[in-house]
Amino acid sequence: MSLGTPLNGTRSGSVNRTLYYTATDNSGSIENCTLIINGVDNQTNSSGVISGTENNFTLYNLIDGNYTWDVSCFDKFNNSGLNASQKTFFVDL
């Protein structure tokens, strides 16, 4: 699991943010990936996640503040993967 952009500590005045990640699995079959925002499951992508390919989640109508994010994925054998460390971004309105 690898988290892409936004880079850690990025600040933005936009209320919408797209978060990019790349999940990899030895079986090549990823069943689903879940975006975790501030320690809480936010949304799940259960279709179209291809191992080794950049994927994304988009957040809408964010409020002013700081956000930590991570992505957790499961393969067809129910093995899970989580990035080794979270990233943080800031919304400055």
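The values are calculated or read from the model by the stated rules, or taken from the named source; none is laboratory data. Note that the coordinates shown come from a computational prediction; the quantities given were computed from them, not determined experimentally. FYI the Cβ positions are ideal-geometry reconstructions off the backbone, even for glycines, and counts take in every protein chain you see. Note: accessible area is taken over every heavy atom of the protein model, side chains too, but ligands, DNA and RNA are not part of it. Shrake-Rupley method; radii C 1.70, N 1.55, O 1.52, S 1.80 Å.
For the stretch 27-52, the tally of residues that are of a type in the set (S, T, Y) and open to solvent by less than 60 Å² (accessible area, probe 1.4 Å) stands at 4. Here L93 fits the description: assigned to a loop (DSSP other than H, G, I, E, B), aliphatic (A, V, I, L, M), touching an Asp or Glu at 6+ places or on another chain (Cβ under 6 Å) and over 13 Å from Y21 (Cα atoms).
Yes/no matrix, rows are residues, columns are (1) surrounded by 14 or more Cβ atoms within 10 Å (Cβ to Cβ); (2) of a type in the set (A, V, I, L, M); (3) in contact with a helix residue (DSSP H, G or I) (Cβ under 9 Å, 6 or more places away or on another chain); (4) under 19 Å from F89 (Cα atoms):
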residue	(1), (2), (3), (4)
M1	yes, yes, no, yes
V15	no, yes, no, yes
T22	yes, no, no, yes
L62	yes, yes, no, yes
G65	no, no, no, yes
F74	yes, no, no, no
F77	no, no, no, no
